[in-house]
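The values are calculated or read from the model by the stated rules, or taken from the named source; none is laboratory data. Just so it is clear, the structure is predicted and the values come from calculations on it, not from any experiment. For neighbour counting, all protein chains shown are included, and Cβ atoms are generated from backbone atoms with ideal geometry for every residue, glycine included. The accessibility values were calculated without ligands, DNA or RNA, using every heavy atom of the protein model including side chains. Shrake-Rupley method; radii C 1.70, N 1.55, O 1.52, S 1.80 Å.
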Amino acid sequence: MPRRINIKMFRDFFRPGSSAGLLLICSMVASLLIANSSWGSAFNTLLQYKTGLHTDHIHLRYTTLTWINDGLMAVFFLLVGLEIKRSLVAGELSSVKKAVLPVFAALGGVLMPALIYSAINYGTPTAHGWGIPMATDIAFALAAINLLGNRVPASLKIFLAALAIIDDLMAILVIALFYSSELHMDYLLFAGGFFVVQLIFNRIGIRSLAFYLIPGVLMWYFIHHSGIHATIAGVLTAMVIPLTTKHGAAPLGRLEHILIKPVNLLIIPLFALANTNIRFEPGMVTGIFTPLGNGIILGLFIGKPLGITLFSWLSVKSGLCTLPERAGWMHILGVGILGGIGFTMSIFIALLSFSDPAWLPIAKFAVLTGSLLSVTCGYIILKNTRKL
């Protein structure tokens, strides 16, 4: 059963890829057009409009932008967490042999961009943004490689998926450890209590998703007020949802199947629409040549492929693993370049990195530039590299 679920989920995971990538591009372009039109002011007003409940005991009144970035993105991270758990238990990362190459590649793809950014921004006010070029946008990267069809080995798509999953796991840890505000232990304890409840439900074999999602929503509320970014609640909830039960049911697979299309076709495009909201101003293009802009662009476009390829080469040459079937080193380089598509996750970390709003347009524009360079060059290299 786990193997059949794994294959089905893997196919479903790729099916919306091209559509998700196209919607991301459309949302990005639409956001840029709106921001630089007469509708820009009205759009910003809409993003800052507050909705929700606010009483003496319940504080749930947030701006539209906050609901998207902290609320809907928690659902995105729930899906990412489900994919991580499935891959670890019954998928591409379920054995040491399978996991070594993507783990080493992801490690290089995280360390090298962070080192490049830190070296360029050392001693500057933007040094805290070192996490921005670390992450890979799963939906965009998979959409790009999907467009190549049979031109690339199927094993390479699995490698990219596993690489992106581990990459996101590392990004989640970075967000939790380095991009959280002052901790409020009372809220954190309440959140921990609901997580323990979920663990108990898992332990006693409850398979109804409601027993995990309802405590997950409550945990989201308390984590949101604790100082840790609320999206972590999505990952924690994913970790406790059973992959299978003794009756053969698959709660994790069922929820993953439910979430794939809404996340890829609604939540991620909506996030892009709300956050690629860059109004072009004099000096913005030159802003990408500042340490902030250089660090992000070079981290994504150079650091990602350099780290992924170098660490992959070291792991293969050491005899720990082998290359994906019918793939050569140019394929690995191409995948490494696609790993520089940091769009969604990089913008998300940029939002957490800077309290000064003056840095955000430059950071977003640099992420956009680095991601476009990566998708263009990665696509060209893989399209012109033959399978072995």
Identify, please: which residue in segment 224-254 is of a type in the set (A, V, I, L, M) and open to solvent by less than 10 Å² (accessible area, probe 1.4 Å) and is, among those, farthest from Phe195 (Cα to Cα)?
Leu252
Might you let me know whether segment 44-60 holds any residue that is open to solvent by less than 70 Å² (accessible area, probe 1.4 Å), touching a Phe, Trp or Tyr at 6+ places or on another chain (Cβ under 8 Å), within 24 Å of Ile268 (Cβ to Cβ) and part of a helix (DSSP H, G or I)?
no
Residues that are at pLDDT below 90 and more than 18 Å from Leu266 (Cα to Cα): does segment 16-30 have at least one?
no
Any idea how many residues of segment 187-210 are of a type in the set (Phe, Trp, Tyr) and within 15 Å of Thr244 (Cα to Cα)?
1
Exactly one of these conditions fails for Ser37: (1) at pLDDT 80 or above; (2) of a type in the set (Ser, Thr, Tyr); (3) within 30 Å of Val89 (Cβ to Cβ). Give me its number.
(3)
Under 24 Å from Gln48 (Cα atoms), of a type in the set (Gly, Ala, Ser), touching a helix residue (DSSP H, G or I) at 6+ places or on another chain (Cβ under 8 Å) and assigned to a loop (DSSP other than H, G, I, E, B), is that true of Ala230?
yes
Those residues of segment 270-285 that are part of a helix (DSSP H, G or I), within 17 Å of Val367 (Cβ to Cβ) and either among the basic types (Lys, Arg) or open to solvent by 10 Å² or more (accessible area, probe 1.4 Å) (or both) come to a total of 3
Kindly establish whether Gly378 is crowded, with 24+ Cβ neighbours inside 10 Å, out of contact with any strand residue (DSSP E or B) (no Cβ under 8 Å at 6 or more places or on another chain) and at pLDDT 90 or above.
yes
